[in-house]
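Taking it in order: structure first as structure tokens, then the write-up.
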Amino acid sequence: MAALKDDPVLGIDGRLKEEGLDKAGLVREEACEREMVPPPGNSIHKSGSRPQLDLSKAAIQGNSEERDPTILLPNQSDDISHLALDIGGSLIKLVYFSRHEDRSTNDKRKKTIKEIFGITNGNRRSYPILGGRLHFVKFETSKINDCLDFIYSKQLHHGGLDTHSWNSELLSIDNAVIKATGGGAYKFADLFKERLGVSLDKEDEMDCLVAGANFLLKAIRHEAFTHMEGQKEFVQIDHNDLFPYLLVNVGSGVSMIKVDGDGKFERVSGTNVGGGTYWGLGRLLTKCKSFDELLELSQRGDNRTIDMLVGDIYGGMDYSKIGLSASTIASSFGKAISEKKELEDYRPEDISLSLLRMISYNIGQVSYLNALRFGLKRIFFGGFFIRGHAYTMDTISFAVHFWSKGEAQAMFLRHEGFLGALGAFMSYEKHGLDDLMVHQLVERFPMGAPYTGGKIHGPPLGDLNEKISWMEKFVLKGTEITAPVPMAPAGTTGLGGFEVPSSKGGILRSDASALNVGVLHLVPTLEVFPLLAEAKTYEPNTIDLSDHSELEYWFTVLSEHMPDLVDKAVASEGGTDDAKRRGDAFARAFSAHLARLMEEPAAYGKLGLANLLELREECLREFQFVDAYRSIKQRENEASLAVLPDLLLELDSMNEETRLLTLIEGVLAANIFDWGSRACVDLYHKGTIIEIYRMSRDKMQRPWRVDDFDVFKKRMLGFGDKKSQPHKRALLFVDNSGADVVLGMLPLARELLRRGTEVVLVANSLPALNDVTAMELPEIVAEAAKHCDILRRAAVAGGLLVDAMINTLDGSKENSPAVPLMVVENGCGSPCIDLRQVSSELAAAAKDADLIILEGMGRALHTNYNARFNCDALKLAMVKNQRLAEKLIKGNIYDCVCRYEPAN
């Protein structure tokens, strides 16, 4: 570790340059001006809201010769806090940031890719965005000491530093500052200073609410949704059509804010009848001890015993002249006037529901009237009063719909309670979150941590062993923690009045809000695939999981596959007792996710099959199963590479037309190998990999279920005397290891190379089932290149072969020019791919591509079957799922799909 000394001539800034460090790699350029550099050893306090650097005792971590080495600033207490708070009257909302672990990119393949595609570091910014994760946690304000304990145990007030790795003198935080908003930022300032030694830098509450809402609406794909008749529908907002809107924040009281743009807003109204009213009156009237308990009561209530309805006034009749049905509430709590009953004569459940509907209707009506004042059609409701509660959302929606006659729309936010905390977090300017795009955020839903604020409450988990122990506790107390939301049948409400909202919601779980919000992974290197023809309307998922029977089918498939997957995962770690315990924890965690989603499919946002499969892979990684099929993939690669030379000789003996058909047949036949398919797993027990491949080839008969081969052949070979121009660059999205890639896609890549087409093999960044990864492909290509001069020269040109490999290869050593064969990672770790979130290197490779080949069920059928591109596209797959065969292609298992679509 090299110390950065204070040079009397160069100063700190000059010394950084001497070490090869660009100051833009640390902060915004304007934050590094000479006058901001502190005298040696001094700390700097904030000036306004702009963070400033304390460079005293700064040091380089690791190799100082690296282009962008990590800089540690041990005395920097206020440059990038990893924590922000919204301390309200009822709840404390906490947003904190944890960095991603650095991944090495210093290999020949990546360097070559950067040179070929012209990829630069920090391509659109003069300052870095931290890759990492945003976490969302809540506490009851009355339990503020629990919140302080949580912050201390994770060392969030130190920026998440590991206290064991630093000298105590470097952990001095006399000048540490945490951003906070809400009234509690003033009320509890002294307590934070006393307990944690930090000062609260108070941010304006309205500024934070608006900043948080704008960020979520622009950066999270499935953030906003409508809720009517118990049905949740996600709404994708066009960024160009976001403003103006009305933001209604329902906390203890209600604020109504007209938002005209980033930083442009006006509080136009409000009401003191809000969440605090409901909780306060509810506590007095029902003796409930928590807000959630009061909401649970409302789910079992019948407000007709307390509320005076139109039918009560008109003898059970509607007042049709003004459009009011008999069930419309004429007066909340109106029956209590005429009935000779005491408080104890009324059921607490009925009181709670009547109170909830009274306040919710009032909020909905006042909100609409304010939207009407300014001609606003969209109203977004946030705040922890709503709490994801179906009755509350239905009631507000009914009020807005009724008073606007359907012209205005009530929308809700999944991160409803964290707007202020997120806005406070964003006020640290150097986070650079203000211009993040939706494709740079990936939401994950980990299972291995206590739900703070729920019935299981405790400090953060320190290691994997604690996580597994907690999962065991999770299962033992499952009824307490994960009581499912009952699927009550929807009632009929009719039109024209404030009816009883029909809802699929039942008892609200105390931890529902924690489950509804995941961890946001910030990945600045993700981009939208540039060849999508209609990126705004692109939907990756072919299968609609909003169909309950479809959802049930796939959940059954995943559940039945789980024992086999656990066995493979445990075997990949040597079958140790530790691996078995982790495997059991994974099974419990994923099963809990499935149970939650089966009860409420939209709990984590819009659910597609791609999301479901990726959730499974994330669960595996959470319990440190990095590559469950590693040994199987190695074995299948070796078996396939052994027969590759004979296949290449056979192909070379054919004429051009026969060879092209044989190559496509080979891709389709080899795609039979898929450990994610139950039918294919059964096949593995009946023969070797080569026997199965030959069987698949022998049964290949045209016409296939989807057969565009002749159109593709005409584009590739021309027709008559007219020869076709070869493609400039082809992107081959590969699927499985073994025969699939070695005997299917590599020979096809070789044919394209022979024709003068650059080939980019696109593979997973992370393992998923037996899919091949971008890290594994160079070694496979190197082995294949030992038997093929075309592959060898192309691999050398594409940077896939290091010098040691080239020297050991057979074949001629001439330096004849060759088109490159390259490998790029796709940016995901799932059997499917969402082309709205791909790696920057794939996006760069796509810019000059004029042919895409999507291979495999996950990439070409489960997702992207209906995707359209601005270049030629070929989609190849063997169908290995009966449900998909029936639904998508109206065919049978083992039918083949060869779908060719010329450029739009």
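The values are calculated or read from the model by the stated rules, or taken from the named source; none is laboratory data. These numbers were taken from a predicted model, which means no experiment stands behind them. Heads up, the Cβs are rebuilt from the backbone with ideal geometry, glycines too, and the neighbour counts pull from every protein chain shown. All accessible areas refer to the heavy atoms of the entire protein, side chains included, with ligands and DNA or RNA removed. Shrake-Rupley method; radii C 1.70, N 1.55, O 1.52, S 1.80 Å.
Points worth noting:
- Output for the stretch 244-302, where each listed residue is open to solvent by less than 40 Å² (accessible area, probe 1.4 Å) and among the aliphatic types (A, V, I, L, M): Leu246, Leu247, Val248, Val250, Val254, Met256, Ile257, Val259, Val268, Leu294, Leu295, Leu297
Residue-by-condition table, conditions (1) part of a helix (DSSP H, G or I); (2) within 25 Å of Ser255 (Cα to Cα):
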{"residue": "Ala326", "(1), (2)": "no, no"}
{"residue": "Ala330", "(1), (2)": "no, no"}
{"residue": "Lys341", "(1), (2)": "no, no"}
{"residue": "Ile351", "(1), (2)": "yes, no"}
{"residue": "Leu355", "(1), (2)": "yes, yes"}
{"residue": "Asn370", "(1), (2)": "yes, yes"}
{"residue": "Phe380", "(1), (2)": "no, yes"}
{"residue": "Phe385", "(1), (2)": "no, yes"}
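- Pairs where the first residue, in the stretch 606-620, is closer than 12 Å to Ala589 by Cα and open to solvent by 10 Å² or more (accessible area, probe 1.4 Å) and the second is among the charged types (D, E, K, R) and at pLDDT below 90, C-beta under 9 Å, 6+ apart: Leu615/Arg444; Glu618/Arg444
- Filter result for Tyr553 (in contact with a strand residue (DSSP E or B) (Cβ under 8 Å, 6 or more places away or on another chain) and either modelled with pLDDT of 90 or more or not hydrophobic (A, V, I, L, M, F, W, C) (or both)): no
- Only one entry of Gly375, Gly388, Gly382, Gly364 meets the criterion of being open to solvent by 40 Å² or more (accessible area, probe 1.4 Å), under 30 Å from Arg221 (Cβ atoms) and assigned by the TED database to the domain that holds Thr226, and that entry is Gly375.
- Subset of the stretch 717-742 (residues that are over 31 Å from the mean Cα position of the chain (by Cα) and surrounded by fewer than 24 Cβ atoms within 10 Å (Cβ to Cβ)): Leu717, Gly718, Phe719, Gly720, Asp721, Lys722, Lys723, Ser724, Gln725, Pro726, His727, Lys728
- Long-range neighbours under 9 Å by Cβ, at least six apart or interchain, first residue open to solvent by 90 Å² or more (accessible area, probe 1.4 Å) within the stretch 644-659, second part of a helix (DSSP H, G or I): Glu650/Thr662; Ser653/Arg659; Glu657/Lys713; Glu657/Leu717
- With respect to the stated conditions, Ile359 is surrounded by 17 or more Cβ atoms within 10 Å (Cβ to Cβ), closer than 26 Å to Leu246 by Cβ and out of contact with any strand residue (DSSP E or B) (no Cβ under 8 Å at 6 or more places or on another chain).
- The numbered conditions (1) within 20 Å of Met393 (Cβ to Cβ); (2) surrounded by fewer than 21 Cβ atoms within 10 Å (Cβ to Cβ) are all true for Gly311 except (1).
- Once the stretch 391-405 is narrowed to residues that are of a type in the set (S, T, N, Q) and over 16 Å from Thr277 (Cβ atoms), the residue that is surrounded by the most Cβ atoms within 10 Å (Cβ to Cβ) is Ser397.
- Any hit, the stretch 219-228, residues being charged (D, E, K, R) and within 18 Å of the chain's Cα centre (by Cα): yes
- Tabulated pairs, the stretch 581-599, first under 15 Å from Val557 (Cα atoms), second β-branched (Val, Ile, Thr), C-beta under 8 angstrom, 6+ apart or interchain: Ala587/Val566; Ala595/Thr482
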